[in-house]
Structures are given as C-alpha cells and as structure tokens.
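Shown next, in structure tokens, is the structure this report addresses.
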Amino acid sequence: MIETTGYTYFAIKTEDESFELETFKKYLSIQPTRFQKMFERGKVPVCTIWEYSSGDLTYPYYFEEIEKLVAKLNEHKSEFLKLKSENPEVDFILEIVIKLGDETPGLHFSKETIQFVNDIDAVIDCDIYNSK
C-alpha cells in the first residue's frame, strides 16, 4: 500500500533581491520553518521565499492541518498586512501539496481559511502529484 502524503505551508515570495531574513524579522514575530534567498543555489530559487510549514503529513484529509496552520498564521495577520502595505512586491501563498497514494485525500477550505486568505490578499495553490 502506498500512503497519501504531503504538506501544507504559507509562503511569502518576492523577486526583490534586497530582501533578507532580517527584512522579514522587522515585520514578523513568527519565525519561518524554511527560508531561501533568491539565487542562493545558482539560478534557483528564482525568488526569495519565507515559508511556514505544517511539516510532512501522512494523512489523507488535509482540512484539519490547513485549519491549524491558518489559526497560527491568523495570530500574525496584522504583521502580514503591514509587511504587504510597505512592500507591495511581496506575494502571499497558501500552498497544499498532496502526493497521491492508495487513500483518497480530502481537501476543504473553511470560511475562516477563505476569509484569512482574502484579508491578506493571498492565493491558494494546490499541487497534486501521483506517487504511484
């Protein structure tokens, strides 16, 4: 049996090469689970990425994990809004990655999640891969 796995994360991306981790720290009290500077490995990544992740999941229904992630992020909504208002070149993304196995995953977004995404002018992106 191949398990359905994946992860969820919130990313802040910018193509402004001057953005460093310290730049994000000026606005955000939440620490990223991953940070990559634009072009730190040659030609990749093509933008600077600040990421806060749920970590790896082996769970076919992602609703609960998305809710936990958004609840944590919602505590910092005013910080995200200030960052965006002073740096309009940043983009916010709520990302869901699903690697299909034998279980059928469930994907659902609550009104609270949609409201948070709307409030901070973010997008939702879902990547689905076949693990078989």
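The values are calculated or read from the model by the stated rules, or taken from the named source; none is laboratory data. Keep in mind the model is a prediction, meaning the values are calculated, not measured. Positions of Cβ are generated from backbone atoms using ideal geometry, with glycine treated the same way; all protein chains shown enter the neighbour counts.
Key figures
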| item | result |
| --- | --- |
| Yes/no for D56 being acidic (D, E) and more than 30 Å from K132 (Cα to Cα) | no |
| Residues of the range 60-81 satisfying the condition of being assigned to a helix (DSSP H, G or I), of a type in the set (D, E, K, R) and surrounded by fewer than 15 Cβ atoms within 10 Å (Cβ to Cβ) | E64, K68, K72, K77 |
| Selected residue [modelled with pLDDT under 90, farther than 14 Å from V90 by Cα and of a type outside the set (G, A, S)] from P60, P32 | P60 |
| Pair list, Cβ < 6 Å and 6+ apart or interchain, from the range 38-63 residues that are over 26 Å from E22 (Cα atoms) to residues that are among the small types (G, A, S) | L57/G6; Y61/G106 |
| Residues that are part of a helix (DSSP H, G or I), buried (at least 18 other Cβ atoms within 10 Å of the Cβ) and of a type outside the set (F, W, Y), drawn from the range 111-132 | T113, V117 |
| Output for the range 95-110, where each listed residue is part of a strand (DSSP E or B), within 17 Å of the chain's Cα centre (by Cα) and of a type in the set (A, V, I, L, M) | I96, V97, I98 |
| Selected residue (criterion: nearest to N87 (Cα to Cα)) from residues of the range 3-30 that are hydroxyl-bearing (S, T, Y) and loosely packed, with under 13 Cβ neighbours inside 10 Å | S18 |
| Positions within the range 82-94 being farther than 13 Å from S29 by Cα and either free of Cβ contacts under 8 Å to residues at least 12 places away in the same chain or surrounded by fewer than 17 Cβ atoms within 10 Å (Cβ to Cβ) (or both), in sequence order | S85, E86, N87, P88, E89, D91, I93 |
